[in-house]
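The values are calculated or read from the model by the stated rules, or taken from the named source; none is laboratory data. All values derive from a computational prediction rather than experimental measurement. Positions of Cβ are backbone-derived with ideal geometry, glycine not excepted, and every protein chain shown enters the neighbour counts.
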Amino acid sequence: MPTTRNIRIPRPAVAALGLALLAGCATAPVPVQQAAHHHGAAPPAAAQAPAAAPASRAASMEQLTALLGCPPRKLQVDAAELRQAACDSPQGRLTIVTFATDNGKRTWLDAAQAYGGSYLVGERWVVVAAAGPLEQLRARLGGELETPQHH
């Protein structure tokens, strides 16, 4: 007959592990423009500082599509953590993604930026399109333009 063994982990060890995990998740991510890229250092901030845009704020998918002048064709993703839709606007084809949390947004961006592209990043939302149209949209929506540097 096989024997079973209960392993007991002391409570202080569990608490220390939990605190370590929380501390690792609590650090603020560094914007792409300020971080050193795996292919080299990012250009100096002064060389890439665009004109000031209004401060971004959290917005729903419906609010963003109304501001952009394009109703979403169809939600591509409709989940608790994010919603994603594509739409055709006066500025061209846009992909709009809204997030439940800023941490979820950063995780999505980190994965998406591996594929290149340009991203207008606001508080719990991202708009994906060509850099030119995003610069125009930035004046209306606020946010920061992020374009990974790939060589």
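Miscellaneous remarks
- Near pairs, Cβ below 6 angstrom, 6+ apart or cross-chain, from region 117-137 (under 19 Å from residue 58 (Cα atoms)) to any residue that is of a type in the set (Lys, Arg): 120/138; 123/57; 124/105
- Condition check for residue 72: at pLDDT below 90, surrounded by 17 or more Cβ atoms within 10 Å (Cβ to Cβ) and outside any strand (DSSP E or B): yes
- Residues in region 107-139 that are of a type in the set (D, E, K, R) and either buried (at least 17 other Cβ atoms within 10 Å of the Cβ) or within 21 Å of residue 69 (Cβ to Cβ) (or both): 123, 124, 135, 138.
- Region 77-102, residues that are closer than 10 Å to residue 124 by Cβ and touching a strand residue (DSSP E or B) at 6+ places or on another chain (Cβ under 6 Å): 82, 97, 98, 99
- Candidate set from region 54-69 (those that are in a loop (DSSP other than H, G, I, E, B) and surrounded by fewer than 17 Cβ atoms within 10 Å (Cβ to Cβ)); member that is modelled with the highest pLDDT: 60
Matching residues to (1) at pLDDT 95 or above; (2) assigned to a loop (DSSP other than H, G, I, E, B):
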| site | (1), (2) |
| --- | --- |
| 76 | no, no |
| 80 | no, yes |
| 105 | yes, no |
| 112 | no, no |
| 127 | yes, no |
| 132 | no, no |
| 135 | no, no |
| 140 | no, no |
